[in-house]
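J.: If you scroll down you'll find the structure; I have some questions about it.
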Amino acid sequence: MAEISTTIFEQLKREITTLEIIPGGKISEAEICARFSVTRPPVRTAFQRLQDIGLMETVPYKGARASLISLSSVHQMIFLRTAVESQVIKDFIDSCPSPFELEELEHNIRMQKLHIAENEVDEKQFFVLDSAMHEFWFKKMRCSGVWKMIQEDINYERFRMLDFVGTLGYRDIIKDHDRLFEAIKKGDKNQIAPILSSHLNAGLRRMGNLIRTEYKQYFIFDEDDNKYWVEYNKKLEGL
């Protein structure tokens, strides 16, 4: 039972993270049982594991659903990631990256550009390429565990995917990647924090009013904080 429960957990985790199951989307215990041809106990075990990591919640009289995205948590992760990743990239510059390492980074960015040139962009594959590029300098600086912690914030990862799907801002993302690469290649550490801050906050900037209108049902945020987020987005427009 443990093996099938893990299979169900991993599959639902993937579907919630990639927004195949949208935030707030219902997840029927009976449907999952039928889908995997199992009885209720392994499904309930998988559901409990999803609740434990914050991807699922049970609403009284309504059943289970994918959890909503906390806008405050997204904002805090961006703040944390900007500070940590800026230092990691600066350390990477100090390590004097080899021509081979620079070529590997540039190759990833070329792949991103080729990918978005397709008629239909596979947002999941772009997500993989984007993540791999950022992971590169964490690995080189022996900070893979730190990157893993960032990746494990599934709340933030779902926001990133929603940004891709909701705004199609791929060209802006790649433009920022080009700017980061040029700063690394030139060894210009002073440019790293400003570029990265703009880049990581850009998702909030691109989503803008969509968070409070078209995708409002996907988010948790206190209406009393609405004025704060309006002003925050105005600040982001200047980045």
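J.: Residues to consider are 209, 155; find the one that is under 12 Å from the mean Cα position of the chain (by Cα), part of a helix (DSSP H, G or I) and at pLDDT below 90. Full working, then the answer.
T.: Working: 209 fails: under 12 Å from the mean Cα position of the chain (by Cα).
Step by step, each of 209, 155 is checked, and only 155 is under 12 Å from the mean Cα position of the chain (by Cα), part of a helix (DSSP H, G or I) and at pLDDT below 90.
J.: How many of the residues making up region 141-152 are crowded, with 18+ Cβ neighbours inside 10 Å and assigned to a helix (DSSP H, G or I)? First the steps, then the outcome.
T.: Start the filter on region 141-152 by keeping residues that are crowded, with 18+ Cβ neighbours inside 10 Å, which leaves 141, 143, 147, 150.
Add one more test, that the residue is assigned to a helix (DSSP H, G or I), and what stays is 147, 150.
Qualifying residue count for the region: 2.
J.: OK, next. Given the structure, is residue 172 open to solvent by 40 Å² or more (accessible area, probe 1.4 Å), in contact (Cβ under 8 Å) with a residue 60 or more places away in the chain and within 20 Å of the chain's Cα centre (by Cα)? I'd like the intermediate steps shown before the answer.
T.: Working: open to solvent by 40 Å² or more (accessible area, probe 1.4 Å): yes; in contact (Cβ under 8 Å) with a residue 60 or more places away in the chain: no; within 20 Å of the chain's Cα centre (by Cα): yes.
Spelling it out, it is not the case that residue 172 is open to solvent by 40 Å² or more (accessible area, probe 1.4 Å), in contact (Cβ under 8 Å) with a residue 60 or more places away in the chain and within 20 Å of the chain's Cα centre (by Cα).
J.: Here's a follow-up. Within region 104-138, count every residue that is open to solvent by 40 Å² or more (accessible area, probe 1.4 Å), modelled with pLDDT of 95 or more, under 24 Å from residue 10 (Cβ atoms) and not hydrophobic (A, V, I, L, M, F, W, C).
T.: 1
J.: Continuing with the same structure: Can you tell me which residue within region 1-11, out of those that are farther than 18 Å from residue 151 by Cβ and of a type outside the set (Gly, Ala, Ser), is modelled with the lowest pLDDT?
T.: So in region 1-11, the residues farther than 18 Å from residue 151 by Cβ come out as 1-8, 11.
After this cut, where a residue has to be of a type outside the set (Gly, Ala, Ser) as well, the list is 1, 3-4, 6-8, 11.
Details: 1: 61, 3: 87, 4: 89, 6: 94, 7: 94, 8: 95, 11: 95.
Taking the candidates together, the pick is 1.
J.: Which one of these is among the aromatic types (Phe, Trp, Tyr) and open to solvent by less than 40 Å² (accessible area, probe 1.4 Å): 92, 100, 79? Break it down into steps so the answer makes sense when it comes.
T.: Working: 100 fails: open to solvent by less than 40 Å² (accessible area, probe 1.4 Å); 79 fails: open to solvent by less than 40 Å² (accessible area, probe 1.4 Å).
Residue meeting the stated conditions: 92.
J.: Hey, another quick one. Among the residues of region 10-27, which ones are open to solvent by less than 40 Å² (accessible area, probe 1.4 Å) and touching a strand residue (DSSP E or B) at 6+ places or on another chain (Cβ under 7 Å)?
T.: Residues of region 10-27 that are open to solvent by less than 40 Å² (accessible area, probe 1.4 Å), as a first pass: 12, 15-19, 21, 23-25, 27.
Selection gives 16, 21, 23, 24, 25, 27.
J.: I've got another one for you. From the list 177, 107, 75, 134, which one is assigned to a helix (DSSP H, G or I) and either under 25 Å from residue 217 (Cβ atoms) or polar (S, T, N, Q) (or both)?
T.: Values: 177 fails: either under 25 Å from residue 217 (Cβ atoms) or polar (S, T, N, Q) (or both); 107 fails: either under 25 Å from residue 217 (Cβ atoms) or polar (S, T, N, Q) (or both); 134 fails: either under 25 Å from residue 217 (Cβ atoms) or polar (S, T, N, Q) (or both).
That would be 75, the only listed residue that is assigned to a helix (DSSP H, G or I) and either under 25 Å from residue 217 (Cβ atoms) or polar (S, T, N, Q) (or both).
The values are calculated or read from the model by the stated rules, or taken from the named source; none is laboratory data. Here the structure is a predicted model, which is why all the values come from computation and not from measurement. Backbone-built Cβ (ideal geometry, glycine too); neighbour counts: all protein chains shown. Protein only, heavy atoms only, side chains kept; ligands, DNA and RNA dropped before computing areas. Shrake-Rupley method; radii C 1.70, N 1.55, O 1.52, S 1.80 Å.
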